[in-house]
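The values are calculated or read from the model by the stated rules, or taken from the named source; none is laboratory data. Fair warning: this is a prediction, and the values are worked out from it, not measured in the lab. With ideal geometry, Cβ positions are generated from the backbone for all residues, glycine too; neighbour counts draw on all protein chains shown.
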Amino acid sequence: MPRHILTAVAVAVVFSAHPALAQKVEPAPMPRTSPVDGPAMFSSYCAPCHGAKGLGDGPAARALTKVPADLTRLATRNGGQFPTVRVRRYIEGADEVAAHGSRDMPMWGPLFKSLSRDMVVQRVETLTKYLEGLQQP
């Protein structure tokens, strides 16, 4: 894995000592993850905003303008079917997610630009399958 992937941006929240002061999201080092380890990728790339269980309650969520999606309800919001193609497209940045401010997921943009297409496809597939497994009725 290229060395610069280890320094890709992850989200860290700086909490103020005074609750009335705004919180902000700052870059932090991202740990190395395997392209076949969905839980590790989710924990590193998604959980800061979407929460450890995908409920939209990550530590960075309060610093964001729009609350992150509850990723456990994607199938429910899609008539009971997991929207596999749409999820893949969001992850890889092919479709816009208004809350992200651009076509790149905050974590994935810099990472994907540094990888071969095969590695991107493998990571997207692994993470998509992991998200499908998080679905609640």
*Kindly indicate whether any position in region 110-119 is of a type outside the set (A, V, I, L, M) and at pLDDT 90 or above.*
yes
*If only one of Val14, Val85 is among the β-branched types (Val, Ile, Thr) and either at pLDDT below 90 or surrounded by 14 or more Cβ atoms within 10 Å (Cβ to Cβ) (or both), which one is it?*
Val14
*If the Cβ limit is 8 Å and pairs must be 6+ apart or interchain, which residue in region 119-133 that is closer than 11 Å to Thr84 by Cβ and touching a residue at least 40 places away in the same chain (Cβ under 8 Å) pairs with which residue that is in a helix (DSSP H, G or I) and among the charged types (D, E, K, R)?*
Thr128/Arg88
*Among what's in region 117-129 and is in contact with a Gly (Cβ under 8 Å, 6 or more places away or on another chain) and buried (at least 19 other Cβ atoms within 10 Å of the Cβ), pick the residue that is nearest to Gly93 (Cα to Cα).*
Leu127
*Tell me which of these Gly54 doesn't satisfy, since it passes every other one: (1) within 15 Å of the chain's Cα centre (by Cα); (2) at pLDDT below 95.*
(2)
_Restricting to region 58-73, name every residue that is surrounded by fewer than 17 Cβ atoms within 10 Å (Cβ to Cβ) and either at pLDDT 90 or above or closer than 18 Å to Tyr130 by Cα (or both)._
Arg73
